[in-house]
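The values are calculated or read from the model by the stated rules, or taken from the named source; none is laboratory data. Worth saying up front: this structure is predicted, and the values here are computed from it rather than measured. Virtual Cβ from ideal backbone geometry, glycine too; neighbours counted across all protein chains shown.
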Amino acid sequence: MSFHDQQYSEKRDFMRMKMETTATLTVLADNLTHSVQCQDLSNQGAQVLCPEGVSEGAAVELNIPSPTPGMKGLQAKGVVVRCQAEESGGHVIGVKFDSLD
């Protein structure tokens, strides 16, 4: 399928990878760290499932460990752009990256 054949909601300038991996999300203002499940990832941001809500606009750091020993994982700083409560009790959080390491 070409870019032009995709649904409008998927027309982005970057690829979004679906995934299910454990990560940590740290709210920088209070240094509070949450264990989260990363649901998708792109070079612009990520969507994670968190047991607690995080305020929109909060500065955060997302750390995704590498599954390969000796290889550096992803460390990104960004801002929460969306936090939506789920019926299951968790919160879906959208993070827009400011920097990647």
> Is one or more of the residues making up region 19-26 surrounded by fewer than 14 Cβ atoms within 10 Å (Cβ to Cβ) and at pLDDT 95 or above?
Replying inline: yes
> What are the residues in region 68-88 that are in contact with a strand residue (DSSP E or B) (Cβ under 8 Å, 6 or more places away or on another chain) and either loosely packed, with under 10 Cβ neighbours inside 10 Å or part of a loop (DSSP other than H, G, I, E, B) (or both), if any?
Replying inline: Gly73, Glu86
>> Any residue in region 28-48 that is of a type in the set (D, E, K, R) sitting within a Cβ distance under 7 Å of a residue that is part of a loop (DSSP other than H, G, I, E, B)? List the pairs, counting only those 6 or more apart or interchain.
In response: Asp40/Arg16
> If you check Ser55, Ser9, Ser42, which single one turns out to be modelled with pLDDT under 95 and within 21 Å of Asp98 (Cα to Cα)?
Replying inline: Ser42
